[in-house]
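Chemist: Dumping the structure here so I can ask a few things about it.
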Amino acid sequence: SRNADGWFAMSVTATAKRDRIELIALYVVTIVLAFVIAAILVNTSGGSWSKAVEAMVNGAFKNPGRWGETLRRAAPLLIVAAGSAIAAKAGIINIGQEGQVLIGATGAAFIMTKIHPGSPVMLILGVLLGMLSGAAWAGISALLYYWRRVPVVLSTLLLVYLSSQLTGYTMTRKF
């Protein structure tokens with residue numbers, strides 16, 4: 001059927017399906033391109049690109065237990081990516097997610113060392129305190145922006161440095 005402009009209208013499901021396929025293709029092309037660039041760099045430096053690619057695949061996926069390790073290392077990056085997507089959707093450029101994750105992890109570690117290990121209460125309270133501490137750390141930038149118009153990019157970046165110092169201090173002290 002034709003729409004008001006005389007063009008054939010595509011169904012919503014067909015458009016959504018096409019968008020999904022394009023997104024998956026974009027991810028596949030990006031990953032392949034990353035492997036190609038890595039192979040070129042290894043080959044340029046005199047190494048064997050095929051051995052390097054094989055080592056990356058084996059180290060990340062094929063060897064026993066590597067899926068879990070890959071996911072463990074990817075989890076903080078995925079948390080930061082989700083935070084970046086939410087901030088970008090709100091029109092805010094937040095480049096200080098590293099500090100927010102550090103403070104959140106510090107808050108979670110603090111509560112988890114104070115309650116009996118393995119307890120379901122410990123896990124729930126640890127996750128809640130981690131989220132609240134990371135959000136409170138992000139709130140400092142929001143407060144500075146709305147109170148004194150300090151750019152969010154600047155305040156979040158500077159708070160990363162402060163969070164690493166604060167985390168180092170709190171993790172070496174007994175409370």
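Chemist: Go through Leu132, Leu144, Ala39 and say which Cα lies farthest out towards the positive end of the charge dipole of the chain; charges sit on Cβ, +1 for Lys and Arg, -1 for Asp and Glu.
Modeler: Leu132
Chemist: Let me ask something additional. How many percent of the accessible area of the chain is carbon or sulfur, using a 1.4 Å probe?
Modeler: Details: 9460 of 13060 Å².
Roughly 72 percent of what the probe reaches on the chain is carbon or sulfur.
Chemist: OK, next. Express in % the proportion of alpha carbon pairs of the stretch 1-121 at distances exceeding 20 Å.
Modeler: 72
Chemist: Treating only the Cβ of Lys, Arg, Asp and Glu as charged (+1, +1, -1, -1), what charge dipole size does the stretch 39-149 show about its Cα centre? Round to the nearest 20 debye.
Modeler: Charge dipole, the stretch 39-149, about its Cα centre: 100 debye, nearest 20.
Chemist: Can you list the HN-Hα couplings for the stretch 65-77, worked out from phi with the Karplus curve (6.51, -1.76, 1.60; θ = phi - 60°), rounded to whole Hz and with x for Gly and Pro?
Modeler: After applying 6.51 cos²θ - 1.76 cosθ + 1.60, I find x, 6, 4, x, 5, 4, 5, 4, 6, 7, 4, x, 5 Hz.
Chemist: Got a sec? Charge dipole of the chain, +1 on Cβ for Lys and Arg, -1 for Asp and Glu; which of Ile103, Val28, Ala74 is way out at the positive end?
Modeler: So the residue furthest toward the plus end is Ile103.
Chemist: Next up: If you line up the long axis of helix 97-114 against the longest principal axis of the chain, both from Cα atoms, how many degrees apart are they, to the nearest 10?
Modeler: That works out to roughly 50 degrees.
Chemist: Which one of Val42, Val32, Val152 has the biggest mean-square fluctuation once the chain is modelled by GNM with Cα springs under 10 Å?
Modeler: Result for the chain, Cα springs under 10 Å: Val32 fluctuates most.
Chemist: Here's another thing I want to ask about it. So what does the Cα-only Debye profile of the stretch 82-142 read at q = 0.13, 0.20, 0.22 Å⁻¹, as log10 I(q)/I(0), no solvent term?
Modeler: -0.38, -0.72, -0.80
Chemist: Please report the projected area of the stretch 49-175's Cα convex hull averaged over all directions, in nm².
Modeler: 11.1
Chemist: For the stretch 49-72 and the stretch 74-90, what is the separation of their C-alpha centers, rounded to whole Å?
Modeler: With the stretch 49-72 and the stretch 74-90 each reduced to a Cα centre, they are spaced 24 Å.
The values are calculated or read from the model by the stated rules, or taken from the named source; none is laboratory data. The model shown is predicted, which means the values in this text are computed figures rather than measured ones. No Cβ is skipped: glycine too gets one built from the backbone with ideal geometry, and neighbour counts run over all protein chains shown. To get the accessible areas, we keep the full protein, side chains included, count just its heavy atoms, and leave off ligands, DNA and RNA. Shrake-Rupley method; radii C 1.70, N 1.55, O 1.52, S 1.80 Å.
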